[in-house]
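A.B. asks: Before I ask anything, let me first share the structure, which is written out below as structure tokens.
The values are calculated or read from the model by the stated rules, or taken from the named source; none is laboratory data. Only a predicted model underlies this, so the values are computations on that prediction, with no experimental measurement involved. Here the Cβ positions follow ideal geometry from the backbone for every residue, glycine too, while neighbour counts run over all protein chains shown. Remember, those area values only see protein heavy atoms, side chains included, never the ligands or the DNA or RNA. Shrake-Rupley method; radii C 1.70, N 1.55, O 1.52, S 1.80 Å.
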Amino acid sequence: MSLVEVLGTAQDAGVPHLGCRCGNCAAARADPRRARYASAVRLNVEDAGRYLFDATPDVRFQTVDVPDGVFLTHAHLGHLTGLSYFGRESVDADELPVYATPGLGDVIRNNEPLRSLVTDRNVEVRSVTDGDPVALEGTSVTPIRVEHRESLPTGTLAYRIDGPNRSLLYVSDVDALTAHSESLIRDVDVALVDGTFWSRDEIDRVDDVPHPTVRSSMEVLDGVDTEVLFTHLNHTNPLLDPTSDARERLESAGFRVAERGDVVEL
Ligand SMILES: [Zn+2]
Ligand SMILES: [Zn+2]
Ligand SMILES: [Zn+2]
């Protein structure tokens, strides 16, 4: 059997958010149970080990042991910078397989401080190709290219994980729920979906930070058979407050906010 465990559910910068005194951030500083780590999951495959998806700046709180591999989604703050914790200043990992797009692999190999991870043999970068599954003892991990601020030349991946019995999609960041991403979600049993913003009025520069709003995603996914959990929540998102109207609307529509510790059997 394979299991996916949710390790973090916040946008890259976490909750609380540096420099912010909004209600969600103040609540998280006052009560650590309201704090959220950056979005990540771990796949446990019987006889094939444990694999981290996204290397977040919160990684030292999210896992104790060095995993058997890390699947990277893209090069933004919350998804890549935790890789440094596998280097010599920290756990000094030994040739940890790191799966990434060829472009992101080049960035890691050619730029400090990440380059040292390669030259010190802490990590071994392996390229993955869109649609080409990585086989792990009866479970497969398929990288799928999605649109997410494509100005970033190294690309962004979602991952589809197919276990012996069920399938899960992890799509932490996507610019919009296009027909492509919608079909990816409809095609699996469980989907962890970009829930950065509840609505477009949460931040002034929302046009610079394209994400589908949870409100619009709920309409697109109305009546879907897939179990949908929203993750990657921004500190401004009213869904962070369990007593909010937004949370009630979400749950009465049959959706859920992902929580650290959630486990999905595949
Ligand atoms: Zn992100
Ligand atoms: Zn805030
Ligand atoms: Zn991103």
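A.B. asks: I need the peptides 102-108, 59-65 ranked by packing, meaning the mean over residues of other C-beta atoms within 10 angstrom, with the highest value on top.
C.D. replies: Highest mean packing first, the order is 102-108, 59-65.
A.B. asks: Solvent-accessible area per residue for the range 2-265 at a 1.4 Å probe radius, Å²?
C.D. replies: 45
A.B. asks: Follow-up. With all protein chains present, how much of the accessible area of the range 2-265 (probe radius 1.4 Å) comes from carbon and sulfur, to the nearest whole percent?
C.D. replies: Answer for the range 2-265: carbon and sulfur cover 44 percent of the accessible area.
A.B. asks: Between Asp47 and Ala253, with labels modelled 7 Å along Cα→Cβ, what's the label distance in nm to one decimal, could you check?
C.D. replies: Result for the modelled spin labels: 4.3 nm.
A.B. asks: To continue, here is another question. Report the antiparallel proportion of the DSSP beta bridges in the range 2-265 as a percent, rounded to a multiple of 5.
C.D. replies: Roughly 55 percent of the beta bridges in the range 2-265 run antiparallel, per DSSP.
A.B. asks: Mind giving me the FRET efficiency for Arg186 and Glu265? R0 is 25 Å, r the Cβ-Cβ distance, nearest 0.05 is fine.
C.D. replies: 0.75
A.B. asks: Sticking with this structure for a sec: Hey, could you get me the Stokes-Einstein D for the range 87-162, Kirkwood radius over alpha-carbon pairs, 25 °C and 0.890 mPa s, rounded to whole µm² s⁻¹?
C.D. replies: D = 182 µm²/s.
A.B. asks: Per-residue HN-Hα couplings for the range 229-246, Karplus 6.51 cos²θ - 1.76 cosθ + 1.60 at θ = phi - 60°, whole Hz, x for Gly and Pro?
C.D. replies: Those phi angles translate into 10, 8, 9, 6, 6, 6, 4, 7, 6, x, 4, 5, 8, x, 9, 6, 4, 4 Hz.
A.B. asks: Would you kindly derive the ³J(HN,Hα) couplings of the range 30-39 from the backbone phi angles with the Karplus curve 6.51 cos²θ - 1.76 cosθ + 1.60 (θ = phi - 60°), listing them in order in whole Hz, with x for Gly and Pro?
C.D. replies: Per-residue couplings from phi come out as 6, 9, x, 5, 8, 6, 9, 7, 5, 4 Hz.
A.B. asks: Between Asp241 and Glu227, with labels modelled 7 Å along Cα→Cβ, what's the label distance in nm to one decimal, could you check?
C.D. replies: Each label point lies 7 Å from its Cα, and together they span 2.9 nm.
A.B. asks: Quick one: putting +1 on the C-beta of Lys and Arg, -1 on the C-beta of Asp and Glu, what dipole do you get for the range 1-124 around its Cα centre, in Debye to the nearest 20?
C.D. replies: With Lys and Arg at +1 and Asp and Glu at -1, about 700 debye.
A.B. asks: In nm², what is the average projected area of the convex hull enclosing the Cα atoms of the range 114-244?
C.D. replies: So the mean shadow area of the Cα hull is 10.4 nm².
A.B. asks: Something else about it: Work through the residues other than Val125 whose Cβ is under 12 Å from its Cβ and net out their charges, Lys, Arg +1 and Asp, Glu -1.
C.D. replies: Once positives and negatives cancel, what remains is +1.
A.B. asks: Return an integer: the convex hull volume of the alpha-carbon atoms of the chain, in Å³ per residue.
C.D. replies: Cα convex hull per residue, to the nearest whole number: 123 Å³.
A.B. asks: Then there is this: Tell me, Kirkwood radius of the range 224-266 from alpha-carbon pair distances, in Å?
C.D. replies: Taking the inverse mean of 1/r over all distinct Cα pairs, the range 224-266 comes out at 11.3 Å.
A.B. asks: Continuing with the same structure: Looking only at Cα atoms, what is the convex hull volume of the range 36-143 per residue, in Å³?
C.D. replies: Normalising the Cα hull of the range 36-143 by residue number yields 95 Å³.
A.B. asks: Separate question: How high is the FRET efficiency between Thr178 and Asp92 when r is their beta carbon distance and R₀ equals 35 Å, given to the nearest 0.05?
C.D. replies: Once the sixth-power term is evaluated, E becomes 0.25.
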